[in-house]
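See structure below.
The values are calculated or read from the model by the stated rules, or taken from the named source; none is laboratory data. What you are looking at is a predicted structure, and each value in this text was computed from that prediction instead of being measured. Cβ placement follows ideal geometry from the backbone for every residue including glycine, while neighbour counts extend to all protein chains displayed.
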Amino acid sequence: SYAGEVDGWITKISNDGSSILKSTYTGTSEFNQIYFLDLNRQGEVYVYGQTVGPFPVTSGVYHNLNSGQFLQKFDHDLTRMELSTVFGSGRGIPDISPTAFMVNDCNSIFMTGWGGFINRQFNYWDSDTKGMPITNNAYQKTTEGSDFYFIVLTENASELIYSSYMGGSVSATHVDGGTSRFDKNGIVYHAVCSGCSTTGLGPTSDFPTTANAYSRINKSQNCNNAAFKFDLSSLRARIQTNSVKLDMIGLNKVCLPDKIVFQNRSTGGEIFEWDLGDGTRVTLNDFASITHQYKTEGKYTIKLKAIDAGTCVGKDSTSTVVEVYKALGMAGNDGTMCYGGAFSLSASQGVTYLWEGIGNDLKSTNNVVTVSPVVDSKYQVTITDFQGCVIKDTVAVKVIPGIDLQFDLSREFACESPPLVKVKNRTDEREETFWDFGDGTTSDLREDSHAYQKDGMYSVRLVGKKEFCVYDKKVDVPAYTFFAPNVITPDQTLGKNDTFLLLYGGTSPDEKGMQVSLVIYNRWGNKVYESPDYKGTWAGEGLAAGIYYYEATAKEDAACKGWVQIIR
């Protein structure tokens, strides 16, 4: 029967909703209010609410006497009360407004609520969340008085499993009672008012948020919505993947040979059995993380089984998938080059490249780079492929030393035949060298001479060989026959044989870029003509017919002497 000011009322309705099968009141002579009702798998009825009266406490249950939150259990026909208890601060009035309630398949009992400044402000209960029972493993052990409160009791409410606060350090957190829900795994979902102003303080951003939350800041001028889910289950396996530096939560792609960390974020559990998907199995009796390195690419399913024989379910399992990739980037082979040459560094299968010299100043983002080291050198390339995998490789370049080729060259000038070229090799005798005279003639003598059979400009090369490298040093040598006529006829046939025309290799010395000086003497040795830069214009002007003597000197060559007859 109705017992007082406000009572709770429970009723059982037929499946078709046509009739009431059973009903009951519950409460004391004071204020009593049911917020939630839930059934266990056996159909037994649990209710959670508030009271200010001397609510009954049955034997063998967890309780905090004189507290304002009650829990009761009835049989499925509402004919018998099987347990009753109260919990809270013991101040005789409600501490919190209930927000969510659930009895799981193991008959563990989950309850949440909020309390504090807002209730006092609107003349409800002069109470707050201080003094509530808190377990050692609580997420938040302290409260400023206006926070959420979570509590979990064992089957039949015999023991306190877990309890915790959740809220900001100064703000007045709240929500309407009865507005949140648990799932059967023991996870509670809330959308609440957070960061609210309190006396003397404006809005704050002190509500707890996770690292990757959509927003961690209250941008409102007062309260703002905070959405959260909180896991209160007694046994739940959970894997969190991460990088070795623990800065990539949820990492699910790994590049060989990088390692990955599997963090045990399970709730409860005494023994943990890991299967890493590659044949590796590990059993631990703590929440230690596992750092693992896969050997081959592929898709791996990682499984974790959390075991606790003391819970109703005994064990819980979960899994996650990690993809392991082999870096595709490739660098070219090491190589050998000749001193003074060039070497092509190459890399492929990448999206980006970075070449850096080891001990030198090379830096390039091209996949192909040409280098010309003078000593043995190494180059490192960092290749990032389309999967984001990074590989570093080194290319070594060996430089075959050059040869310090040294030689002397001289010419012996012959007036009517090409000059004789003389060479002397002054290179270190340990080096392999030979001469190439430019006309198909070669010699491996240290000293040699060579006479060309045809007029021309020839490159005399001293060639050195070391391994597969060929080095050379050359000098261009003019090898031309110097020709002077013996007769000129200045007065006989106009335009033909009128002047003393010198030829050097069959053409005028001017055409070969050669400067020639000319002196003409008569039979008595008297100088009758002289030109320091003769252009082929002397025609014996003012001289009688007869024999004259010439001395023609080409620059950098010896003088040619002979006679010429003037016929008139």
Exercise. Any idea which of G186, G177, G200 is at pLDDT below 85 and in contact with a Leu (Cβ under 6 Å, 6 or more places away or on another chain)?
Worked result: G186
Seminar exercise, completed: Pairing a residue in the range 319-342 that is at positive phi with any residue that is part of a strand (DSSP E or B), where Cβ atoms lie under 8 Å and the two sit 6 or more apart in sequence or on different chains, gives G340/Y471
For this session: Select from the range 228-243 the residues that are hydroxyl-bearing (S, T, Y) and part of a loop (DSSP other than H, G, I, E, B) and write down the one among them that is surrounded by the most Cβ atoms within 10 Å (Cβ to Cβ).
Result: S233
Exercise. Is there a residue in the range 117-127 that is within 19 Å of L65 (Cβ to Cβ), at pLDDT below 90 and either out of contact with any helix residue (DSSP H, G or I) (no Cβ under 6 Å at 6 or more places or on another chain) or surrounded by 23 or more Cβ atoms within 10 Å (Cβ to Cβ) (or both)?
Worked result: yes
For this session: Output the number of the condition that Y165 fails; it satisfies all remaining conditions of (1) in contact with a strand residue (DSSP E or B) (Cβ under 7 Å, 6 or more places away or on another chain); (2) surrounded by fewer than 18 Cβ atoms within 10 Å (Cβ to Cβ); (3) farther than 19 Å from K73 by Cβ.
Result: (2)
Problem set entry | Conditions (1) under 20 Å from the mean Cα position of the chain (by Cα); (2) in contact (Cβ under 8 Å) with a residue 24 or more places away in the chain; number of the one not met by G357 | (2)
Exercise. So which residues in the range 200-228 are free of Cβ contacts under 8 Å to residues at least 24 places away in the same chain, out of contact with any Lys or Arg (no Cβ under 8 Å at 6 or more places or on another chain) and at negative phi, if there are any at all?
Worked result: G202, T210, A213, Y214, S215, R216, I217, K219, Q221
For this session: Show the residue pairs that are 6+ apart or on different chains and have beta-carbon atoms under 7 Å apart, the first residue being within the range 85-100 and touching a residue at least 60 places away in the same chain (Cβ under 8 Å) and over 10 Å from N66 (Cα atoms), the second being among the basic types (K, R) and not in a loop (DSSP other than H, G, I, E, B).
Result: A100/R181
For this session: With respect to F272, determine if the residue is surrounded by 16 or more Cβ atoms within 10 Å (Cβ to Cβ) and of a type in the set (F, W, Y).
Result: yes
For this session: Considering only residues that are touching a residue at least 40 places away in the same chain (Cβ under 8 Å) and touching a Cys at 6+ places or on another chain (Cβ under 7 Å), look in the range 174-195 and name the one that is surrounded by the fewest Cβ atoms within 10 Å (Cβ to Cβ).
Result: V175
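Results for (1) closer than 29 Å to G505 by Cα; (2) more than 52 Å from the chain's Cα centre (by Cα); (3) part of a strand (DSSP E or B); (4) modelled with pLDDT of 95 or more, shown as yes or no for each residue.
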{"residue": "T382", "(1), (2), (3), (4)": "no, no, yes, yes"}
{"residue": "F386", "(1), (2), (3), (4)": "no, no, no, no"}
{"residue": "A396", "(1), (2), (3), (4)": "no, no, yes, yes"}
{"residue": "D408", "(1), (2), (3), (4)": "yes, yes, yes, yes"}
{"residue": "S417", "(1), (2), (3), (4)": "yes, yes, no, no"}
{"residue": "K424", "(1), (2), (3), (4)": "yes, yes, yes, yes"}
{"residue": "G438", "(1), (2), (3), (4)": "yes, yes, no, yes"}
Problem set entry | The listed residue being among the β-branched types (V, I, T), in the same structural domain as S84 (by TED's automatic domain parsing) and either in contact (Cβ under 8 Å) with a residue 24 or more places away in the chain or buried (at least 16 other Cβ atoms within 10 Å of the Cβ) (or both), out of T154, T142 | T154
